[in-house]
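This report concerns only the one structure given below.
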There are 2 protein chains.
Amino acid sequence: MRTSQYLLSTLKETPADAEIISHQLMLRAGMIRREASGMYTWLPNGIRVLRKVEAIVRDEMNKAGAIEVLMPMVQPAELWQESGRWEKMDAELLRFKDRHQRDFVLGPTHEEVITDLVRKEVSSYKQLPLNLYQIQTKFRDERRPRFGVMRAREFLMKDAYSFHLSQECLEKTYQAMYQAYSNIFTRLGLGFRPVLADTGAIGGAVSHEFHVLASSGEDAIVFSDASDYAANIEKAEALAPTTPRPAATAPVTEIATPNAGTIAEVAALLAVDASQIIKTLLVYGERTDDKGPQPLVALLLRGDHDLNEIKAEKLAGVQSPLTFATEADIKAVTGASAGSLGPVGLSIRIVADRSAAVVANFVCGANKDGYHLSGVNFDRDIAQYEVADLRNVVEGDPSPCGQGQLVIKRGIEVGHIFQLGDRYAAAMKAGVLNEEGKHQIMTMGCYGVGVSRIVAAAIEQNHDQHGIIWPAAIAPFQVALVPMNMHKSVRIQDTAEALYKALTAAGVEVLFDDRKERPGVMFADMELLGVPHHIVIGERNLDERLVEYKNRRSGDKSLLAIDDVVAEILAKLV
Amino acid sequence: MRTSQYLLSTLKETPADAEIISHQLMLRAGMIRREASGMYTWLPNGIRVLRKVEAIVRDEMNKAGAIEVLMPMVQPAELWQESGRWEKMDAELLRFKDRHQRDFVLGPTHEEVITDLVRKEVSSYKQLPLNLYQIQTKFRDERRPRFGVMRAREFLMKDAYSFHLSQECLEKTYQAMYQAYSNIFTRLGLGFRPVLADTGAIGGAVSHEFHVLASSGEDAIVFSDASDYAANIEKAEALAPTTPRPAATAPVTEIATPNAGTIAEVAALLAVDASQIIKTLLVYGERTDDKGPQPLVALLLRGDHDLNEIKAEKLAGVQSPLTFATEADIKAVTGASAGSLGPVGLSIRIVADRSAAVVANFVCGANKDGYHLSGVNFDRDIAQYEVADLRNVVEGDPSPCGQGQLVIKRGIEVGHIFQLGDRYAAAMKAGVLNEEGKHQIMTMGCYGVGVSRIVAAAIEQNHDQHGIIWPAAIAPFQVALVPMNMHKSVRIQDTAEALYKALTAAGVEVLFDDRKERPGVMFADMELLGVPHHIVIGERNLDERLVEYKNRRSGDKSLLAIDDVVAEILAKLV
């Protein structure tokens, strides 16, 4: 490709509205342009990468025995009503009416459509297992789309769905997908980790996320420093401390704490460590009858620990999705505002985090605005309470696997696999005749890859101050051919044209910068674009029939004989 | 691929709701399934074909210098308001609101988005010409979707848009696209014809359609029997007859024609040829002021000719889109109903088709219900009238190119190229600095291929009573491997497995029918699917180490030595 016949669209300045490096570099390198909030046009430099990612995903899915299909992006409301998600999902599910006033959605995912398809097409256990996938544009009307294609409204996804009659069979396909995903991210050239994950809104029992490791990642992921254990922080269990709770020695004392509402403020005022303060959070419980106000539940955590909302939401009797009590409801039940809450004298259900439950002689709110209590103890001062795992793990916690301590890194979720069970098949009555000739509901798995998101994640992991550094498999071009001042030198032009012809004929994807630009501008653009191999043609070396080679990642430079360029490049591309 | 691990989904019966052969065969061959009106899931047998078509289209577009991009399917209303199509397009343009109540459309085409992109990215004549394309799912909310993927609401399209500063430059790219399209349809293995076409709602000056020839085609296309001339019937000019009008010899006579309202009834009653009857159609003219009723225009045609609505719509002063007068308006102006209309004594504008204008002593309605006039003549009896080309050409008409006579065939439109001019660029102020440093509006071309429609068109052209006969380039599989009663014979099973392995290793796409089915069922499925080459393994030939080869298209059968199968198949695939 000649830049003169191409849409290069690089930008010198970093666009002000791009917060993260991949978004900035995708704009600067002419990969994407914003059309509307969360919607992007993929420019030539972008689509070349996207199509390579797509091809690798497709190839590995085929190799793993998955079979490609393509479902419509527009889906009839009836299917979502049948599964129950029409009511359950919020405005992220984009609903609209067609010209006949029938309800449709713009597909954010395809569990309903595939379940409907399979219940119609598959009637016998002989046709199972079946693993169907598609690579398709999805739409989720995110409340706050951001970070470019990282969290877009319209995006490209690979979604697969498998159908089985037994858990064993599901697990076999799940393992095959786990392996296929590992192959995909390995081939893409990305540093990644599969981690145990929560199943969230999709439902089901077992789930892994695949994360590209990057310090800018939105998600915290947790590793053992002594085993293979890895989990999303939402999922990682905080084990109960093994040391017993110290004895209750201090008396309960009320202390005036004017203007101290946060843990940090209270800790500073009273000169105690945050770990010696217990914070109280009030959330709504499930209603057990229709009368009276909605019950509240008090969650107790150490002042230096963070609530894990997923864990809290899973407590029996707690309203899902987890909802914090309003200031008015807090006042009505405790007589105090949120900054002065504590468990002493509370007449509502109390659940203490495992780590909070072993703290003695602690500080907490007094349920009286402007006051805290010190010397508070479980059992002695708080008769009724439950203990549960409610917090996010922190670095240094013992690993739930029993080996080693936890380390926390940042990751970008690019894949997610689920053992769904019969969540959709049961609701939609999707069954087949089993070996005994009886109708049996199928069990399902589902497996997603964020194809467009991978492009951004790869950049978060692979860049420097000059721009993108593409892994070989997904670079938009393999070689950048940069003739310096070609328009002033027939010799340089001839060499460049000959090399372009020879490299292209050898099947190499070359970006030939034939613009009338200063060499500095051309070098900067090729660095920004992240083309892995650069060939620079300059007057200085031409007498010896040499050109300069530069490796984008290492920065290493060397001189190559013109006649060896094709062979040398081919050797580097293997 | 083994059928046992695949989703074959063939049907024995022809679905009742499928009207045309490609829709029937796509359902029966397990290629598509209806999800909702005009929306289809592509099953494995379908997507394999669709992806091959897509790959050929992409390859030829790249070879022709077009550059791939990918625009969002969801488009902001503002762009459509800017181009004027937000108001102009009917409910076919699916409009909806996002969670923030902003207006969007589901993209039926992308002139607005690409023009917006290019006006932002391109600022200088040096960056032109530019030809950008995408292969993307489109949505058009058709009033009456039908014929499966032939006229679907959601479909896959390749759309390209080129940008220029001169008509010469546009014409050069237009020619390159014309050639690329010819290459695409040639590689697909389809019988096709490019024909001159009307530019319709997209606008612009010059346009060609590419038609796959098939007797079931929706469109009539017109050829000269003595030259290269070919046109859509909407576009083909009916030349003015060269023979002069005969003299007016008969007197005007009123004849009672009770119950004769149609041309056929009047012709039968009066024993005259339909070509001697002139029919009168009333359509609305453009309003010249806001007062009074909307003006009507009378169109006169020979009784054996059909009105060409595109030609009529283009007449100056006629309302666009062409709208026929209501019965009430006809009555108000003529005093008669539609079946008794005629030009004599009419006080409205009259336009006679060129062929009608040379008929003498003709029959027409008397503007009095139940009566016709005979012996009517232009000039003598109808003082004021214009003459224009208003009719569809018919077989035997002289070719507008001046050579030969016209022949009419049926076609399916699968591609359409337009010289758009500045229709969009002017409305959206898309310009660049030209060589003189002045801002100049660009001129555009646009080029569409109906990727999913091609699949259906290929079937309309290539099938027999047993099913589909795929052209080699787009067959879902190249070889069907059919072992007879494999489950009863180790020898057959071993041979089949060995051939499957050898063919697959040689890069051949094999569908290995390893189901426990009767041979008749397997043969019927492979014929239905249209796999080009069949290898049948039976006990009878195994002693001599032979298998049967059958060519799907010719039906020719021969015996092949097992050891030669791979080489023979590879030779056939070249």
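Where a number appears in this text, it was derived from the coordinates with a stated rule and is not lab data. For clarity, every value in this text was computed on a predicted model and none was experimentally measured. Positions of Cβ are backbone-derived with ideal geometry, glycine not excepted, and every protein chain shown enters the neighbour counts.
In table form, for the structure just shown:
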| read-out | value |
| --- | --- |
| Label point 7 Å beyond Cα along the C-beta direction, distances from A:R287 to other copies (nm, shortest first) | 5.6 |
| Test item: B:123-130 mean partner chain Cβ contacts at 10 Å | 2 |
| Chain A: angle of helix A:111-121 to the longest principal axis, Cα-based, in degrees nearest 10 | 80 |
| Nearest-to-axis residue of chain A, judged by beta-carbon position, where the axis maps A onto B, in Å | A:F96, 2 |
| Translational diffusion coefficient (Stokes-Einstein; Kirkwood radius from C-alpha pairs) of the stretch B:312-397 at 25 °C, 0.890 mPa s, in µm²/s | 173 |
| Share, in percent, of DSSP beta bridges within the stretch B:269-371 that are antiparallel, nearest 5 | 65 |
| A:L130 long-range amide H proximity, modeled H, under 5 Å | A:F163 |
| Cα-based equivalent ellipsoid, the stretch B:372-425: semi-axes from gyration tensor eigenvalues, Å | 35, 21, 12 |
| Order of B:F96, A:F378 under a 10 Å beta carbon neighbour criterion, fewest first | B:F96, A:F378 |
| Relative contact order (%) - the stretch A:1-142, alpha-carbon pairs under 8 angstrom, separation at least six | 21 |
| For the stretch B:263-302, alpha-carbon Rg over 2.2 N^0.38 Å | 1.72 |
| Dimensionless Rg ratio for the stretch A:64-150, taking C-alpha atoms and the 2.2 N^0.38 Å reference | 1.25 |
| Convex hull projection area averaged over all views, the stretch A:143-239, Cα basis, nm² | 8.5 |
| Listed residue (A:V351, A:Q136, A:A567) projecting farthest to the positive dipole end of chain A, Cβ model | A:A567 |
| Distant-in-sequence amide H partners of B:A214 (H built 1.01 Å from N, under 5 Å) | B:R410, B:G411, B:I412 |
| For the stretch A:415-420, Karplus couplings with θ = phi - 60° (6.51, -1.76, 1.60), whole Hz, Gly/Pro x | x, 8, 10, 10, 8, 7 |
| Estimated Rh, the stretch A:414-547: Kirkwood, alpha-carbon pairs, angstrom | 18.9 |
| Centre separation in Å (Cα based) which lies between the stretch A:299-335 and the stretch A:424-477 | 33 |
| Label point distance in nm, B:N259-A:A427, each placed 7 Å from Cα along Cα→Cβ | 6.3 |
| Sum of -39500 (n - 2.57) over DSSP H runs of 4+, divided by residues of chain A (222 nm, nearest 500) | -7500 deg cm²/dmol |
| Calculated label separations, B:D379, copies of the chain, 7 Å along the beta-carbon direction, nm | 12.2 |
| Stokes-Einstein D (µm²/s) once Rh is taken as the Kirkwood radius of the stretch A:1-118 over alpha-carbon pairs, at 20 °C in 1.002 mPa s | 121 |
| Percent of Cα-Cα distances greater than 42 Å, calculated over chain B | 39 |
| Cα-centre dipole for chain B with unit charges at Cβ (Lys and Arg positive, Asp and Glu negative), debye to 20 | 1080 |
| Order of A:D353, B:D103, A:D228, A:D389 under a 10 Å beta carbon neighbour criterion, fewest first | A:D228, B:D103, A:D389, A:D353 |
| Global size of the protein assembly as shown as Cα Rg and Dmax, reported in angstrom | 36.5, 130 |
| Least to most buried among A:H487, B:H463, A:H466, A:H164 (fewest other Cβ within 10 Å first) | A:H487, A:H466, B:H463, A:H164 |
| Pairs of alpha carbons in the stretch A:509-574 whose separation is greater than 19 Å (percent) | 32 |
| Label geometry 7 Å along the beta-carbon vector: B:D225 inter-copy distances in nm | 9.2 |
| Hydrodynamic radius of the stretch B:81-233 per Kirkwood, over alpha carbon pairs, in Å | 18.2 |
| Pairs beyond 24 Å (Cα-Cα), from B:K501/B:K572; B:K235/B:K368; A:K52/B:K572; A:K52/A:K120; B:K63/B:K126 | B:K235/B:K368; A:K52/B:K572; A:K52/A:K120 |
| Charge dipole (debye, nearest 20) of the stretch B:313-380; +1 at Cβ of Lys and Arg, -1 at Cβ of Asp and Glu | 160 |
| Cα-based radius of gyration of the stretch A:188-307 once divided by 2.2 N^0.38 Å, which approximates compact folds | 1.49 |
| Debye log10 I(q)/I(0) at q = 0.11, 0.17 Å⁻¹ for the stretch A:474-544, Cα point scatterers | -0.24, -0.58 |
| Positive-end residue of A:V510, A:G530, A:I469, charge dipole of the stretch A:442-536 with Cβ unit charges | A:V510 |
| Whole-Hz ³J(HN,Hα) from phi, Karplus 6.51 cos²θ - 1.76 cosθ + 1.60, for the stretch A:364-373, glycine and proline x | 7, x, 9, 6, 8, 4, x, 9, 10, 10 |
| In order through the stretch A:168-181: 3J(HN,Hα) via Karplus (6.51 cos²θ - 1.76 cosθ + 1.60), integer Hz, x for Gly, Pro | 4, 5, 4, 5, 5, 5, 4, 5, 4, 5, 4, 5, 4, 5 |
| DSSP-defined beta bridges in the stretch A:418-574 - what % are antiparallel, rounded to 5 | 70 |
